[in-house]
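Colleague: Take this structure, written in structure tokens, and hold onto it; I'll ask about it next.
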Amino acid sequence: MKTRNVIIILLILIALLTSIGIFLGVSLYNSNKTTEKPIETFALTLDDMYCDLKDGKGIVKLNVTIETYSKETLEALEKRVYLIKNNINEIVRNKTEEELKGKDGQVNLQKEIKDNLVKVFEDDRITNVYFNQFVIQ
């Protein structure tokens, strides 16, 4: 009878420890999951721009949106739109029609404009440049 009681106590103890282990494992697993909110982004959309091409044989019509995840960066961009437009004009005027054609041309131009803005504003929180319109005539 004594061994029977010991076995019952051991089984209860094993069941209790197993339950505690499962509970702790599930709790730790769920606490490691981060509930990340999507990063809030801000955007500045410029008015339509018309730029001559390097070879003098065409014009590019652009509508550009600049994206950032910092409200302070957005405010700095808004205060110096004239500088942004001037830099975009300089970059585009130094391109030929061939350099801008196709997907690669647009992607390279977007990257070059973004890199230029990061350098000029000394702010790497500028995350992307988008073309809402990109027409070569």
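Colleague: Does ILE66 qualify as being out of contact with any Ser or Thr (no Cβ under 7 Å at 6 or more places or on another chain), under 24 Å from PRO38 (Cα atoms), buried (at least 16 other Cβ atoms within 10 Å of the Cβ) and at pLDDT 95 or above? Full working, then the answer.
Modeller: Working: out of contact with any Ser or Thr (no Cβ under 7 Å at 6 or more places or on another chain): yes; under 24 Å from PRO38 (Cα atoms): yes; buried (at least 16 other Cβ atoms within 10 Å of the Cβ): yes; at pLDDT 95 or above: yes.
Against the criterion (out of contact with any Ser or Thr (no Cβ under 7 Å at 6 or more places or on another chain), under 24 Å from PRO38 (Cα atoms), buried (at least 16 other Cβ atoms within 10 Å of the Cβ) and at pLDDT 95 or above), ILE66 qualifies.
Colleague: Report whether or not GLU40 is at pLDDT 95 or above and either out of contact with any helix residue (DSSP H, G or I) (no Cβ under 8 Å at 6 or more places or on another chain) or part of a strand (DSSP E or B) (or both).
Modeller: On the way: at pLDDT 95 or above: no; either out of contact with any helix residue (DSSP H, G or I) (no Cβ under 8 Å at 6 or more places or on another chain) or part of a strand (DSSP E or B) (or both): yes.
Answer is no for this residue.
Colleague: If GLY56 passes every condition in (1) surrounded by 10 or more Cβ atoms within 10 Å (Cβ to Cβ); (2) at pLDDT below 80; (3) under 30 Å from VAL92 (Cβ atoms) but one, which one does it miss?
Modeller: Going through the list (1) surrounded by 10 or more Cβ atoms within 10 Å (Cβ to Cβ); (2) at pLDDT below 80; (3) under 30 Å from VAL92 (Cβ atoms), GLY56 breaks only (1).
Colleague: Going through VAL129, VAL92, VAL135 one at a time, which residue ends up being closer than 20 Å to TYR69 by Cβ and either at pLDDT 95 or above or surrounded by 12 or more Cβ atoms within 10 Å (Cβ to Cβ) (or both)? Outline the logic, then answer.
Modeller: Values: VAL92 fails: closer than 20 Å to TYR69 by Cβ; VAL135 fails: closer than 20 Å to TYR69 by Cβ.
VAL129 is the lone residue from the list that is closer than 20 Å to TYR69 by Cβ and either at pLDDT 95 or above or surrounded by 12 or more Cβ atoms within 10 Å (Cβ to Cβ) (or both).
Colleague: Which of the residues spanning segment 54-113 are part of a strand (DSSP E or B) and either without any contact (Cβ under 8 Å) to a residue 12 or more places away in the chain or among the basic types (Lys, Arg) (or both)?
Modeller: LYS61
The values are calculated or read from the model by the stated rules, or taken from the named source; none is laboratory data. What you see is a predicted model, and the numbers here were worked out from it, not measured in a lab. With ideal geometry, Cβ positions are generated from the backbone for all residues, glycine too; neighbour counts draw on all protein chains shown.
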